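Taking it in order: structure first as structure tokens, then the write-up.
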Amino acid sequence: MYRHVVTPLELKDGTRSRHTRLNSVTWDPTSRELIYLSNEAGLTGLWSCDPATGKRKALTDPYLNVVRYWPVEDPVVRLVLALDPAFTEREQLFLLHHDGTLRAWIEAEDAYHYFGGQLFDGVGFYVSNSASDTRHRIMQADRSTGRDRELFASDAVLTTVMPLSSERLLLLEEYTNIDRRFRVFDTQTGVLTALAAGYGRIGQIRPISADTVIFAGDLGGERVGLHTLNLDSEAVYTVLERPDQDVLAFCVHPTTGRIAMTLSKECASELVTTTLDAPHVAVALTREPIHVHSMCFLGEDDLLTVTSGPFQPPEAQVHALAKPAEAPDASCATTEAGAETVERFTSFDGREIEYVVMGSPDSGRAMIYLHGGPESMFERSHSPVLEQLVDNDVLVIAPNIRGSEGYGRCFIGLDDGNRRTDALADVIALREHVQARHGLDDDKIGVMGHSYGGFMTLMAISHHPGLWACAVDIAGMSHLGNFLKTAPAWRRRLRAMEYGDAATHADFFDDTAPLNKAGEIRCPLLILHGDSDTRVPTTESLAMAEAMAAENRDVELRWIEGEGHFLTRRTSTECAASTIVEFVKARLATPSETPGRPAHSYSIPGAT
């Protein structure tokens with residue numbers, strides 16, 4: 001165990017809104033400032049903080065929506081920013097100069113832009129793809145002239161570019177719904193080469209030399225480990241790999257070679273540190289699992305983390321690391337105490353499923369929350385909506401049903417294609433388990449979810465209508481076949497490997513679609529959807545609401561103005577949370593069978 005001292009660093013304003021987010025922390029060695037993203041001013045903006053004085057400063061105007069950023073070594077430009085002004089997830093590139101001025105650089109409203117993270121004498125590289133184009137284009141752009149040019153167009157789905165020099169680019173190709181492979185592009189010859197090494201689930205990548213990168217990946221196996229890849233020899237060296245954990249994220253100190261990483265553990269993360277020279281000496285920096293949103297090294301070996309828990313909004317801490325000690329220090333970081341436990345139940349086929357319980361077991365009413373993805377997982381991070389439900393005496397149950405990540409490659413594929421109904425069977429088995437364990441009445445159990453979790457919510461209430469007192473669908477699909485038809489061609493090709501092909505699986509999609517079973521639904525349904533969503537079209541929610549209204553079912557559809565698939569404005573999350581909580585409180589307090597009324601389409605007041 002490393003003997004170290006943990007001290008808080010305040011990165012938010014004094015109001016400490018529980019809806020304020022912190023993420024994407026980076027250390028700027030030139031200014032000796034911490035750079036990070038926060039939505040404390042409304043939209044997600046870029047901020048800086050001097051850890052020595054605690055002085056904070058907004059680097060962008062509050063009306064901008066900053067998605068990500070890259071510090072660059074350039075005499076004119078300090079940071080390259082990716083902005084999403086239309087909330088469509090189509091990032092536009094801007095330049096933040098050293099004098100504080102912000103200038104548009106690469107703009108095309110119908111295109112996605114993936115920047116490489118570096119400038120070479122004012123020249124940068126990015127990958128572009130328009131919503132209607134099947135090809136992904138490797139582009140070169142000059143920040144002084146603003147002009148760009150196409151270097152290569154590929155049918156391969158390229159979503160990450162990392163320049164190792166001005167002549168050599170490392171790219172990631174999305175090969176299946178979960179697998180990626182490395183490609184190298186020579187800017188002088190125009191040749192794009194696929195590498196055999198490293199194929200599989202690939203997460204974070206960082207260069208550690210001119211010819212070597214370190215990355216999180218599973219190499220086609222069960223678990224995601226930490227590896228290095230030499231691009232010349234294609235030699236892969238495993239730094240750390242554990243049989244029952246995935247490497248979720250990591251950061252590398254630029255000079256000392258120290259590594260900090262998070263490993264999946266009990267629906268959260270274990271924070272550990274090690275070195276490239278002695279990776280077997282990996283020691284924990286936290287006593288209990290906690291969700292780590294972001295981390296970076298400050299100066300020497302001090303590590304800054306942004307962490308949260310179900311009842312703990314994101315907070316920053318500085319870990320002042322010293323030499324290894326035989327015994328844990330009392331200051332070792334711990335999570336804030338809260339009414340949460342991690343439990344397991346046995347599903348219909350004998351498989352154990354992990355879930356999180358939040359709130360009092362004596363609440364007498366419960367909501368089952370289903371995460372999106374589906375290749376994602378519920379982690380014990382802060383969710384204002386779930387926290388407010390618990391504050392209002394609603395027990396929240398959040399499972400990682402089959403198809404979730406964090407439990408190995410095999411588990412991720414257990415819901416592919418026609419096995420989608422097996423994931424639904426997990427939800428039903430959990431509902432029965434929760435009712436028996438907590439002695440809940442039939443009219444006191446609801447279900448809710450976002451995105452794919454919203455789809456599974458609609459599946460649950462349409463295929464098993466007698467089990468639910470209420471439901472909340474947030475930007476979920478109502479018919480997988482229709483959803484796939486409206487997706488961009490390249491995304492549709494990848495998603496078909498998970499959901500099934502829109503043509504060959506048409507009968508299965510029709511038979512299982514909640515949209516086609518709207519008349520079977522018996523519980524009240526609240527639907528929330530951002531009106532600028534490009535990931536799950538708003539037509540999915542509108543069709544569901546209209547189908548239920550036609551059957552005289554109890555449904556309410558609320559558009560969230562100016563928001564996409566994920567809520568960005570703090571006011572939007574505040575209004576959405578209060579709307580959901582009031583709906584759930586009222587519905588779980590009344591019998592589940594209620595008179596039907598027409599569907600409504602209107603905005604949440606104050607969400608803009």
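None of the figures in this text is laboratory data; all of them are computed from the coordinates on show. It should be emphasised that the depicted structure is a prediction, and the values quoted were computed from it without experimental measurement. Cβ: placed from backbone, ideal geometry, glycine included. Neighbour counts: every protein chain shown.
Structural remarks
- With the biggest extent put first, the Cα atoms of segment 340-603 measure 48, 43, 35 Å across the principal axes.
- Directionally averaged shadow of the chain, computed from the convex hull of its alpha-carbon atoms, nm²: 26.1
- Backbone HN-Hα couplings from phi across segment 192-208 [Karplus 6.51/-1.76/1.60, Hz, Gly and Pro as x]: 9, 10, 8, 9, 7, 6, x, 4, x, 6, 10, x, 5, 9, 9, x, 10
- Extending 7 Å from Cα along the Cβ direction at ASP362 and again at ASP277 yields two label points whose distance is 5.7 nm.
- By other beta-carbon atoms within 10 Å, ranking SER383, SER269, SER17 with the fewest at the front produces SER17, SER383, SER269.
- Note on LYS57: aspartates and glutamates with a C-alpha under 20 Å away, same-chain residues under 8 apart excluded, are GLU10, ASP13, ASP28, GLU33, GLU40, ASP99, GLU315.
- The distance linking segment 186-215 with segment 79-122 is 23 Å (Cα centroid to Cα centroid, whole angstrom).
- Span from the segment 458-496 Cα centroid across to the segment 520-559 one, whole angstrom: 11
- Taking amide H as placed 1.01 Å from N in the peptide plane, the amide H of GLN118 sits under 5 Å from that of PHE125, each at least 5 places away or on another chain.
- Across segment 143-160, rounded Karplus estimates of 3J(HN,Hα) from the backbone phi angles (6.51 cos²θ - 1.76 cosθ + 1.60, θ = phi - 60°) give 6, 7, 8, x, 8, 10, 8, 7, 9, 6, 10, 10, 6, 5, 7, 9, 10, 9 Hz, Gly and Pro being marked x.
- Spatially, segment 148-168 and segment 421-440 are offset by 47 Å when compared through their Cα centroids.
- The ranking of THR256, THR20 by Cβ neighbour count inside 10 Å, starting from the fewest, reads THR256, THR20.
- In this structure the amide hydrogen of GLU91, modeled in the peptide plane, comes within under 5 Å of the amide hydrogens of HIS113, none closer than 5 places in sequence on its chain.
- Cβ-Cβ FRET estimate between THR255 and SER578, R0 fixed at 45 Å, reported to 0.05: 0.40
- Calculated FRET efficiency for the pair GLU222/ALA194, C-beta based, R₀ 30 Å, to 0.05: 0.80
- Packing-based ranking, highest mean first, of 275-284, 358-367 given that Cβ atoms within 10 Å are counted: 358-367, 275-284
- For segment 340-603, share of DSSP beta bridges that run antiparallel, in % to the nearest 5: 30
- Label point distance in nm, ALA210-GLN317, each placed 7 Å from Cα along Cα→Cβ: 4.1
- Sequentially through segment 223-237, phi angles give Karplus couplings (6.51, -1.76, 1.60; θ = phi - 60°) of 10, 7, x, 10, 9, 10, 10, 8, 6, 7, 8, 6, 6, 10, 10 Hz, Gly and Pro residues having no value and appearing as x.
- Here's the list of lysines a cross-link from LYS517 could span, going by alpha-carbon distance under 24 Å and ignoring same-chain residues fewer than 8 apart: LYS444, LYS485.
- Placed amide H near LEU9: partners under 5 Å, 5+ positions off or other chain: ALA316, GLN317, VAL318
- A simple packing score, the average count of other Cβ atoms within 10 Å per residue, orders the peptides 205-214, 496-505 as 496-505, 205-214, with the highest score first.
- Prolate/oblate/rounded label for segment 33-115 (Cα gyration tensor, a/c 1.5): oblate
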